[in-house]
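Down below is the structure, laid out as structure tokens.
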Amino acid sequence: MTGIGGIFFKANDANGKTPDVIGTGMAQREVKIQPPQMFLVHLPVILAQWAFGVWLLPVLRTPPSPTPLGWVSFLACAVVFVIGKRWMFKLFAKHRASPMFKDHAQELITEFPFSVARNPFYLLDFLPFLGLTLLLGTLDPLLLHGPLFFLYLVLYVVPIEEKRLLLTHGKDYEAYKSRVKRWGLF
């Protein structure tokens, strides 16, 4: 057994396969708060801001309230979000993996949309913030809560994922990481 940063894994097997992560060190590296749970932290805050009229950023219309166009825009964002997530779940299932950190793919997934961005699953997570901005008529969901959610992804979730991918896929992940940007454009 070999250890890196408190994470223990088996040495490469006779076939040269990448190590299987085992041991208690990995429990410390698990994402404890999943992105959907973090969104559910933001949602009541956004709704409370709307209910009490406490906005930190400029409003798009006065008073900030749902309009028919706002509802249509919100529902369009919700539909694209749900369809996109279902498609991504099917893509993960095709590779016998789970996006919820439990069952990692045995092979590195590099087909579209992973050929464009290393984290396309999380890019979809900004659609609810956009939808709430369009529905409520205020910039707080998109320009305040969205960036806070993005920081949570960048500082907490993605580093843990990238460490696991590196341990699981080694040089293949290094090559993939050098070819494909984290968020597509940057």
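Structure above, values below:
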{"read-out": "Residue match in region 127-134 (condition: in contact with a Gly (Cβ under 6 Å, 6 or more places away or on another chain) and either surrounded by 21 or more Cβ atoms within 10 Å (Cβ to Cβ) or assigned to a helix (DSSP H, G or I) (or both))", "value": "yes"}
{"read-out": "Residue count for region 148-183, restricted to those that are in contact with a strand residue (DSSP E or B) (Cβ under 9 Å, 6 or more places away or on another chain) and hydrophobic (A, V, I, L, M, F, W, C)", "value": "1"}
{"read-out": "In region 152-169, the residues that are touching a residue at least 60 places away in the same chain (Cβ under 8 Å) and closer than 14 Å to M38 by Cα", "value": "Y152, L153, Y156, V157"}
{"read-out": "Flag for V116 being in contact with a Gly (Cβ under 9 Å, 6 or more places away or on another chain), surrounded by fewer than 17 Cβ atoms within 10 Å (Cβ to Cβ) and not in a helix (DSSP H, G or I)", "value": "yes"}
{"read-out": "Selection within region 105-129 - acidic (D, E) and within 16 Å of the chain's Cα centre (by Cα)", "value": "D125"}
{"read-out": "Close pairs from region 170-186: first over 13 Å from V158 (Cβ atoms), partner surrounded by 15 or more Cβ atoms within 10 Å (Cβ to Cβ) and of a type in the set (V, I, T), Cβ under 7 Å, at least 6 apart", "value": "G170/T18"}
{"read-out": "Qualifying residue in region 119-137 (condition: more than 29 Å from V59 (Cβ to Cβ) and in contact with a Phe, Trp or Tyr (Cβ under 8 Å, 6 or more places away or on another chain))", "value": "yes"}
{"read-out": "Filtered residue count, region 33-68, keeping only those that are modelled with pLDDT under 90, farther than 17 Å from F149 by Cβ and assigned to a helix (DSSP H, G or I)", "value": "3"}
{"read-out": "Per-region count, region 167-182, residues among the hydrophobic types (A, V, I, L, M, F, W, C), part of a helix (DSSP H, G or I) and under 19 Å from P120 (Cβ atoms)", "value": "1"}
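Quick grid of which residues meet (1) of a type in the set (D, E); (2) modelled with pLDDT under 90; (3) under 18 Å from D172 (Cα atoms):
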site	(1), (2), (3)
M88	no, yes, no
A93	no, yes, no
S115	no, yes, yes
F126	no, no, no
L155	no, no, no
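The values are calculated or read from the model by the stated rules, or taken from the named source; none is laboratory data. The model shown is predicted, which means the values in this text are computed figures rather than measured ones. Positions of Cβ are backbone-derived with ideal geometry, glycine not excepted, and every protein chain shown enters the neighbour counts.
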